[in-house]
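Student: Below is one structure. I have some questions about it.
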Amino acid sequence: MFSRFLHPEVYMSYEHARSMLPRNQPEPTYTAEERENAYIHPAVSSREPIFWLAKDEAGVSKEEIEANRAVGIQSTDEYAWVNDKSKVEWEQMLNGEQVNPPDYYEKPRW
C-alpha cells in the first residue's frame, strides 16, 4: 500500500489522477506585486502587523497606544471597545461596508 503512495506513476493512470482534481476552477489573477513576491517567504515580505486594541473607559488603550508609538509599534483602538460586561465588541459594519482589522488584506489564492 505504501508503494502505491510513493509511485503513483505505476499504480494510477493519468485519467484517474486527473479525475481527483477539481475542475472548472476560475483562473486566478495576480497583481504585479503578488507575482514578484510569490516565492519570497512571508516573514520577509509581510507588512508589520498593527495591534488592534479595544477602547476602554479608563483610558488604558490610549496609554498603550502612546507607549507602543514611543517604541515604534503601530497600534490603534478604532472600531473596537470594551462593553459594560467587560467583553470586547467591534463595529462590523460602518456606512454599509464591512469593517476589518487595521492590517487586514485579501490573501491571494495560489
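Every number here is computed from the coordinates shown, using simple stated rules; none is lab data. These numbers were taken from a predicted model, which means no experiment stands behind them. Because the Cβ atoms are built from the backbone with ideal geometry, glycine has one as well, and the counts that use them run over all protein chains shown.
Student: Rounded, prolate or oblate: which fits segment 66-110 when a ≥ b ≥ c are the square roots of the eigenvalues of the alpha-carbon gyration tensor, with rounded for a/c under 1.5 and prolate only if a/b beats b/c?
Tutor: oblate
Student: Say each of Ile73 and Met20 gets a label point 7 Å from the Cα, pointing the same way as Cα to Cβ; how far apart are those two points in nm?
Tutor: For Ile73 paired with Met20, the spin-label model returns 4.6 nm.
Student: Quick one: what are the phi-derived ³J(HN,Hα) couplings along segment 32-45, Karplus 6.51/-1.76/1.60 with θ = phi - 60°, whole Hz, x for glycine and proline?
Tutor: 4, 5, 5, 5, 5, 9, 4, 10, 8, 4, x, 5, 8, 9
Student: Something else: Using just the Cα positions, wrap segment 2-98 in a convex hull and report its mean projected area in square nanometres, one decimal place.
Tutor: Working: hull surface 54.9 nm².
Quarter of the Cα hull surface area: 13.7 nm².
Student: With θ set to phi - 60° and the Karplus curve 6.51 cos²θ - 1.76 cosθ + 1.60, what are the ³J(HN,Hα) couplings of segment 86-103 in order, to the nearest whole Hz, using x for Gly and Pro?
Tutor: Listing the rounded values in order: 6, 10, 7, 10, 8, 6, 8, 10, 9, 6, x, 10, 6, 9, 10, x, x, 9 Hz.
Student: Choose one answer from Gly96, Gly59, Gly72: the residue with the largest mean-square fluctuation in a GNM of the chain with alpha-carbon springs under 10 Å.
Tutor: Most flexible of the set in this elastic network: Gly96.
Student: Enter the mean projected area of the convex hull around the alpha-carbon atoms of segment 1-58, in nm², rounded to one decimal.
Tutor: Reported value for the Cα convex hull: 10.0 nm².
Student: Can you give the local net charge around Thr76? Use residues other than it whose beta-carbon is closer than 11 angstrom to its beta-carbon, Lys and Arg +1, Asp and Glu -1.
Tutor: Net charge in that neighbourhood comes out at -1.
Student: Check each of the trypsin sites (Lys or Arg not before Pro) in segment 1-77 and keep only those in coil by DSSP with at most 13 other C-beta atoms within 10 angstrom; list them in order.
Tutor: Numbers: sites: Arg4, Arg18, Arg23, Arg35, Arg47, Lys55, Lys62, Arg69; in loops: Arg23, Arg47.
Listed in order of number, the matching sites are Arg23, Arg47.
Student: To continue, here is another question. Short version: ³J(HN,Hα) in whole Hz for each residue of segment 12-24, in order, from phi by Karplus 6.51 cos²θ - 1.76 cosθ + 1.60 (θ = phi - 60°), x for Gly and Pro, what are they?
Tutor: 9, 7, 4, 4, 5, 5, 5, 5, 7, 8, x, 10, 6
Student: Continuing with this model, one more query. Hey, what angle do you get for helix 60-70 against the long axis of the chain, alpha-carbon based, 0 to 90 degrees rounded to 10?
Tutor: 70
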